[in-house]
Amino acid sequence: MTVIKGNKIKVSYEGKLENGEVFDSSKHGDHEHLLEFEVGAGDVIVGFDNAVIGMNIGDIKTITITPSEGYGESDPENIAVIPLENFPKDQQPQVGMTMVLGGPNGEEIPATVVEVDGEEVSLDVNHPLAGKKLIFTITVREIA
């Protein structure tokens, strides 16, 4: 059986950056948690979705996903400046620190502190993988 749009599939995978750093994997210690999704439904990034089409159970594929088919380009406009007084008193923001902001619809938005300047903190709210090429090795385990 070959993967087509609309199939529900399970895959194992490993995602690396161009420098070889693993940023995500279905393997967690001695256990593997397969990723299950409906092909073409938008459950995963576009490049990942497109890569599995035409694969068969047991097929292994390594692909490079550009930002346009991944998490988009890093947008310099996506820097939020927040007064230091809005942070919890027991939390001292430092450059490089990652935190989660609440979005207008209750969604969680990851943010990285890029500058602490007196009474203001600048947060980069681009996705942490925005602007990066992603290299995935994917193995199709099940097709439904």
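FYI, it's all coordinate maths here, none of it is from the lab. The model shown is predicted, which means the values in this text are computed figures rather than measured ones. No Cβ is skipped: glycine too gets one built from the backbone with ideal geometry, and neighbour counts run over all protein chains shown.
Structure notes:
- Computed over the chain: relative contact order in percent, which uses C-alpha pairs under 8 Å that are six or more apart: 35
- Separation of the ASN50 and GLU36 label points, Cα + 7 Å toward Cβ, nm: 2.8
- Spin-label pair ASP90/PHE23, simplified geometry with 7 Å Cα→Cβ offset, distance in nm: 3.2
- Computing FRET efficiency as 1/(1 + (r/R0)^6) for ILE4 and ASP75, where r is the C-beta to C-beta distance and R0 is 35 Å, gives about 0.55.
- With the Kirkwood sum run over all distinct C-alpha pairs, segment 1-85 has a hydrodynamic radius of 15.1 Å.
- Potential extension, THR64-THR98 segment - 0.36 nm per residue separation minus Cα distance: 9.6 nm
- Cα-based convex hull, segment 79-124, per residue volume (Å³, whole number): 73
- Put in order of Cβ neighbour count within 10 Å, fewest first, the listed residues THR139, THR66 become THR66, THR139.
- Loop-located trypsin sites (Lys or Arg not before Pro) across segment 1-96 with a Cβ neighbour count of 10 or fewer within 10 Å are LYS89, with loop assigned by DSSP.
- Amide H within-cut-off set for GLU115, under 5 Å, with H built and near neighbours excluded: SER122
- In segment 1-44, the inverse of the mean reciprocal separation of distinct Cα atoms equals 11.9 Å; this is its Kirkwood hydrodynamic radius.
- Scattering profile of the chain at q = 0.10, 0.17, 0.18 Å⁻¹ [log10 I(q)/I(0), Debye over alpha-carbon scatterers]: -0.46, -0.99, -1.05
- One decimal place: the segment GLU14-GLU142 gains 44.4 nm when fully extended, by the rule 0.36 nm per residue minus the C-alpha distance.
- Over 27 Å between alpha carbons, listed pairs LYS27/LYS89; LYS16/LYS89; LYS27/LYS133; LYS89/LYS133: LYS27/LYS89; LYS16/LYS89; LYS89/LYS133
- Fluctuation leader among GLU115, GLU107, GLU14 - the chain, Gaussian network, Cα springs under 10 angstrom: GLU107
- Residue-by-residue Karplus 3J(HN,Hα) for segment 50-60, coefficients 6.51, -1.76, 1.60, Hz, glycine and proline x: 5, 5, 7, 5, x, 7, 10, 4, x, 5, 10
- Of ASP117, ASP43, ASP90, the one that fluctuates the most in a GNM where the chain has Cα springs shorter than 10 Å: ASP90
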